[in-house]
Structure formats: structure tokens, C-alpha cells
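First the structure, which I've put down as C-alpha cells, then a few questions once you've had a look.
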Amino acid sequence: MEQERKIPKHIAIILDGNGRWAKKRGLPRNAGHVQGSRTVEKMCKEVYNAGVDYLTVYAFSTENWSRPQSEVDAIMKLLSSYLKDCLKRSKKNNMSVKVLGDISRLPTEMQEQIKELEEVSKDFDGLHFQVALNYGGRDEIIRGMHRAALDRKEKGLSMEDITEEEFSSYLDTKDIPDPDLLIRTSGEQRLSNYLLWQLAYAEFYFTDTLWPDFDKKELEKAIDFYNGRDRRFGGIKES
Ligand code: FPP
């Protein structure tokens, strides 16, 4: 009997290859980021149509600040305009949006935008879309640890109650299920400090396709790959 196709509930993506996409066309790197942001927009629709409930993309890492200032400025400008459009899009598509990462280092205006977007969209029950911005997995774990320690001190809670589940509630991904599938584009096969805690049991899919070229067909390939795997959680195979 043919097995039913499994759709990952949560897909996490490392968007990579914007710069190379632009270079191949003799364009400035920022043109690659612009095209990359269009692909993000398209993928929000495609993954939701495919039956995925959560999508988390790596837009800007804690390490990305070390890029040339002109590129950082251009990316920030692009992300800010993206977030502005996102407010309209989230209302139209019933999409909830959340930013993961330490937003305190972002421009004040952008922090305000993020808070508004999260507040307005928090109860929308379409796609749950997470954007990792000034995000680093180690930084997230340390920030979570500080908050957990502070709570213990201030509320007189005990250290012993810190289980995996309790600790997860101090992470930026509180209430968001762990990703089932990680996709990284452009041929790189590294985790680059992305969702270190949350990706513990995910399947990893790597493709040579550059992010701006990623499309519905590529998404299908990633889901096919996911279906070809036996999902194992410590030894017990899912049927
Ligand atoms: C990846 O390609 C690019 C980034 C991590 C920079 C920011 C991403 C965007 C602006 C895409 C839009 C995201 C959203 C949420 C709208 P790269 O520059 O590392 O490419 P390269 O490895 O080819 O140089």
C-alpha cells in the first residue's frame, strides 16, 4: 500500500547564496538580497499551500554585523521595508509573525516595527512565520540561561526544576514546536549557529541552488527528501 506523504510541520531555512546569485549576473550584492527577500515572500505562500504550519528563516545572524558597513546598512534598510510590507501581508494572509534574536541592537524604529507586527499578528492562525534577526543560537541559549537564573533568584524557584521543557520556555522559540526539516541553500553544509537547541532531531537537507533561485520545485524536492527518511527518535521508528 502506498504510504501517505508526510509534510513537515515546521521548516527552518538558512537562506544562503544571495551574494553569489548577484555576482553571477554582474549585479551588486544588494540586488541578491532584494531578490532573496522576494523568494522569502513566495516561500511563505508555497510552504503554507504545501501544508506546513511553521516557517523560520535566518535573515541576519549575530555574525553578519562584521560584513562591510554599506552591506549591513543595505540589508537593514531592506529588512525594515520588508517588515513594513509584512504587516499588510500578515493581515491579508492571517499570518502570525515573530522575530527571534536579540532585537535590542537593532535601530529603535525597527524594534518598534517588530513589536507592532508581533502584537497585531499574534493570534492569527495561518502560517506561523519566524524571522531570525540579530540571531545566534549560542547567544539565545545564554540569554535564556540568564533569564532562567534571574527567575530562580527573584521568585525563589529551585534549580532542580530546570528540565529540557522548562528551559525551552526561556528560548526565543517559546511555544513554537522544534523544526522537523532544515534546508540550507547554496551548497554550504554548516549550521552557522542557527537554532542549535531546536534542531536536535531535525532532518538536514542541503541543496546547491542559490536562495534567490529557490522555488516550489525545490521545496518539493526538500519535502521528498524528508519523506525518504526514517524518522527516528532515540531508536523507535515512526510508522
Ligand atoms: C545570504 O546570502 C544573505 C543573508 C543572510 C543576508 C540577509 C538576507 C536577506 C536580506 C533575505 C531576505 C530575508 C527576509 C526575511 C526578507 P549571502 O549574502 O551570505 O550570500 P553569499 O554566501 O553568496 O555571499
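If you go through the range 9-41 one residue at a time, how many are out of contact with any strand residue (DSSP E or B) (no Cβ under 6 Å at 6 or more places or on another chain), more than 7 Å from the ligand (Cβ to nearest atom) and within 24 Å of GLN198 (Cβ to Cβ)?
Number of matching residues: 3.
Criterion first (at pLDDT below 95 and either assigned to a loop (DSSP other than H, G, I, E, B) or within 16 Å of the ligand (Cβ to nearest atom) (or both)) does ASP230 satisfy it?
On the way: at pLDDT below 95: yes; either assigned to a loop (DSSP other than H, G, I, E, B) or within 16 Å of the ligand (Cβ to nearest atom) (or both): yes.
For ASP230, the condition - at pLDDT below 95 and either assigned to a loop (DSSP other than H, G, I, E, B) or within 16 Å of the ligand (Cβ to nearest atom) (or both) - is met.
Can you pull out the residues in the range 99-143 that are under 18 Å from the mean Cα position of the chain (by Cα) and among the small types (Gly, Ala, Ser)?
Scanning the range 99-143 gives GLY101, SER121, GLY126, ALA132, GLY136, GLY137.
Then there is this: Are there any pairs, at least 6 apart or on different chains, whose C-beta atoms fall under 6 Å, with the first in the range 14-29 and within 14 Å of PHE214 (Cα to Cα) and the second β-branched (Val, Ile, Thr), and if so, which?
LEU15/VAL57; ASP16/THR185; GLY17/THR185
Could you check how many residues of the range 154-202 are open to solvent by 40 Å² or more (accessible area, probe 1.4 Å) and either at positive phi or among the basic types (Lys, Arg) (or both)?
Matching residues across the range 154-202 total 6.
Can you tell me which residue within the range 121-153, out of those that are away from the ligand (no atom under 16 Å from the Cβ) and among the aliphatic types (A, V, I, L, M), is least open to solvent (accessible area, probe 1.4 Å)?
ALA148
ALA50 passes all but one of (1) within 13 Å of the ligand (Cβ to nearest atom); (2) over 26 Å from ILE142 (Cβ atoms); (3) more than 16 Å from the chain's Cα centre (by Cα); which number fails?
For ALA50, the failing item is (1).
How about the range 100-110: which of its residues are out of contact with any Lys or Arg (no Cβ under 8 Å at 6 or more places or on another chain) and open to solvent by 30 Å² or more (accessible area, probe 1.4 Å)?
Scanning the range 100-110 gives ILE103, SER104, ARG105, PRO107, THR108, GLU109.
Looking at GLU118, is it under 27 Å from SER169 (Cβ atoms), open to solvent by 40 Å² or more (accessible area, probe 1.4 Å), part of a helix (DSSP H, G or I) and within 15 Å of the ligand (Cβ to nearest atom)? It would help to see each step written out before you state the result.
On the way: under 27 Å from SER169 (Cβ atoms): yes; open to solvent by 40 Å² or more (accessible area, probe 1.4 Å): yes; part of a helix (DSSP H, G or I): yes; within 15 Å of the ligand (Cβ to nearest atom): yes.
So GLU118 fits the description; yes.
The values are calculated or read from the model by the stated rules, or taken from the named source; none is laboratory data. Nothing here was measured: the structure is a model prediction, and the numbers come from that model. So basically every Cβ, Gly included, is an ideal-geometry build from the backbone, and we count neighbours across all protein chains shown. Note: areas computed on protein heavy atoms with side chains; ligands, DNA, RNA excluded. Shrake-Rupley method; radii C 1.70, N 1.55, O 1.52, S 1.80 Å.
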